[in-house]
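Every number in this text was worked out from the coordinates using simple rules, so none of it is lab data. These numbers were taken from a predicted model, which means no experiment stands behind them. Because the Cβ atoms are built from the backbone with ideal geometry, glycine has one as well, and the counts that use them run over all protein chains shown.
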C-alpha cells in the first residue's frame, strides 16, 4: 500500500504520483477514517476525475471531496482482483459514502454439517471452507427457525451431540414425538441417514420431484416386503413435502434456476427484493436494505448490491434477472461465473414476457416493504421522541437526554465483580459504546464502592480523551469522549450518592444530570430532592428507563458470568499440584473443559503430553 499526505498544493503531488494501473483507492478524512473505497482499471485517471468539476455534479460527491484529507491506494494485477479487493475493503471499513448493505452484521444461513458422519443442521452467520453446505442468506433468525421447524417435521435430523454408534439402549424424547430418526439406537443406519440429509439439501434448493419419486418407490417396496411401519413413515414424509410444494407458486415455465432482483427507493432509502426461483417455482423471497444510496444512480446502487449480496451468498444461480443494467456488468458477470465454479452466469434485463412480469412483481413487493418499514420507523421515532421528551420534563432537564448512560454492578459474594456501562442514543441501544469494568480495588460484596470505582474510571477516561484531542496521533475511545445527557445508576439513593461524589470530584456536578433507579417501585431519585419521581405507569418515558436499566443488568450479568467461568476454569486446574500453565493449556486443548477433564479416564489423561500416570490419578482425585 502506498500512502501520500496532503501537501501545500492540496493533492497535486499525490495526483502526479498515482500509477496508471488497476487497483483500489481509499479516501480518508482529517481523523484518518476511511470515508470512501473505490476501484479502477487506471488509478491515475479515476482518482483525478474526483477533482474535476464535471465529476462533482452530485452534492454527495462534492461533500465527500471536501472531506478528503488523504488518499491511499493498493495496486493489483487485474480488474477482477480490484473488484474482489474493493468488496473486502468496504466490508472492513464500512465507509460512509459507499453504498452498502444496511446493518454491520452477517446474515444467518442454514448450515448442513455434511463433513460429519451423521450431519446435523444448525444456524450460523459465518461460512467456512469445512465441507459444509450452506443455504440462505435469511434476513432474520426467526425466518431461519421457521424453515427449520418445517424441515425437521419432514426430515427428522439429529439435534443432539452424542456420539452415534447405533448401540445406545434407548433414544431420547424426540424419537417418541417423531422429530428424530434415532440413528443412536440403530433405527436408521448411516447411509439412510445421509440420504435423508441429502434430500433435505435438495429440498432447500427447490429440487423436490426427484425426492418424491424415489420416496414413493421406497414406500412401495416397503409395503411389498410387509414393512408397513416403514411404508407409513415414508407416506407421511411424501405428504409433508407435497404440502409444502403446493404452497410454492409456479412462476415460470422456464426451469432455469434464477434470482429475480428489483429495487424501490424513497428519500435516500433503498430496498432490494430478491425472489429465489428454482425449478420454475418461487421457493422463497427476502428483502435487503441499503444505506449510503443518496444521490447515487440506480445502476450503481443495484451493482453494489449484487456484489455485496453474492459475496456472502453460498449459491449463485445460473441466471440473475435485473430491472435495469448495472455498472460494471461484464466484470461482475465474470466474478459470478468464477464463484459458480467456472459455470456461466447470465445477467439479464428482461423487456417483455414472463421474466419481465416477475421483475414487476418483485418491484411491487420492494415498494410495499419499503413503505411498511418507513411507517414502522416513523412510529418508532415518534415513540423515542416522546420518551425523551417525557424524561426531560419529569427530571427537569435542560434538553432531551439524547445520550443516556446506565451503570450496574454484578458479583457473587464479592467475587468476579463486574461493572457494566450501556449507552442509549436517541432512545435506542448504541452497542458499540457498551463497556465493562472488572472491579480492581474493592474486596468483598460492596456495590457502592464498586460503583464509585466504575464511574471514576469512566470519567478519568473522559478527561484523558479531552487531553488526547489536542495530541496528534492518539485516538481516544469514542465511548468515553462524550459526556452523557443523563447518567442512570441502578440502585436508588445509595448508589446515587456515590455517583454525585464522583461527579463532584471531576467538577461535573450540575453539568451531567444524574438519577438513581430503585427497582422495587421503579422510583427515580435525583440530587436535592428527598421524594422519588414516579413516572406514569404506561408512559413511554418509563418504558425507556426500564429498557435501559434491564439492558445494563443483562450486560453486567453476562460479563460477570463470563469472568466467573474464566476464573473458575483457571483456578480449579491451577490448584492441582503439578499442573502449571503449559499442562493446563494442553489439557484444555485436548478436552475443551474442566467437566470433560473430570469425566476422562486416567488413561485418557495420561495420553496428554506432559501428564504422567501418577499425575493423571492426582487430577482425577482432585477434581472428583
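Annotations for the structure displayed:
- Taking region 2-98 and dividing mean pair separation by its residue count, relative contact order in percent (alpha carbons under 8 Å, at least six apart): 38 percent
- Rough spin-label spacing in nm, given labels placed 7 Å along Cα→Cβ, for residue 529 and residue 45: 6.7 nm
- Subtracting the Cα-Cα distance of residue 539 and residue 78 from their residue separation scaled by 0.36 nm leaves 160.0 nm.
- Applying Stokes-Einstein at 25 °C and 0.890 mPa s to the Kirkwood radius of region 575-623, computed over alpha-carbon pairs, gives a translational diffusion coefficient of 236 µm² s⁻¹.
- Taking 508, 483 and counting other C-beta atoms within 10 Å, the order from fewest to most: 483, 508
- Averaging the Cα positions of each part gives two centres, and for region 19-44 and region 396-452 these lie 40 Å apart.
- Shown here: region 403-564, whose C-alpha atoms stretch 50, 34, 28 Å along the first, second and third principal axes, sorted largest to smallest.
- Sites residue 220 and residue 554 - FRET efficiency at Förster radius 51 Å, r taken between beta-carbons, to 0.05: 0.40
- Per-residue Cβ neighbour counts within 10 Å put 603, 617 in the sequence 603, 617, beginning with the fewest.
- Translational diffusion coefficient of region 2-98 (Stokes-Einstein, Kirkwood radius from Cα pairs, 37 °C, 0.692 mPa s): 244 µm²/s.
- Cα-Cα separations in region 109-247 greater than 27 Å, expressed as whole percent: 20 percent
- Estimated distance in nm for a label pair at residue 88 and residue 448, the labels positioned 7 Å out from Cα along Cα-to-Cβ: 5.6 nm
- When the alpha carbon gyration tensor of region 145-197 is reduced to an equivalent ellipsoid, its three semi-axes come out at 19, 13, 9 angstrom, largest first.
- Each Cα pair under 8 Å and six or more residues apart adds its sequence gap; the mean of these over the residue count of the chain is a relative contact order of 8 percent.
- Available extension along the chain between residue 463 and residue 621 is 51.6 nm, counting 0.36 nm per residue and deducting the alpha carbon span.
- Efficiency of FRET from Cβ geometry, residue 30 and residue 327, R₀ 41 Å, rounded to 0.05: 0.85
- Note on residue 606 and residue 356: with the Förster distance fixed at 60 Å, the Cβ-Cβ geometry gives a FRET efficiency of about 0.25.
- For the chain, the calculated P(r) over all alpha carbon pairs, in 10 Å bins from 0 to the bin holding the longest distance, is 3, 11, 16, 19, 22, 19, 9, 2, 0, 0 percent.
- In a fully extended conformation the segment linking residue 521 and residue 124 would gain 138.9 nm over its present Cα-Cα distance, using 0.36 nm per residue.
- Projected label points at residue 482 and residue 386, each 7 Å from Cα along the beta carbon direction, are separated by 2.5 nanometres.
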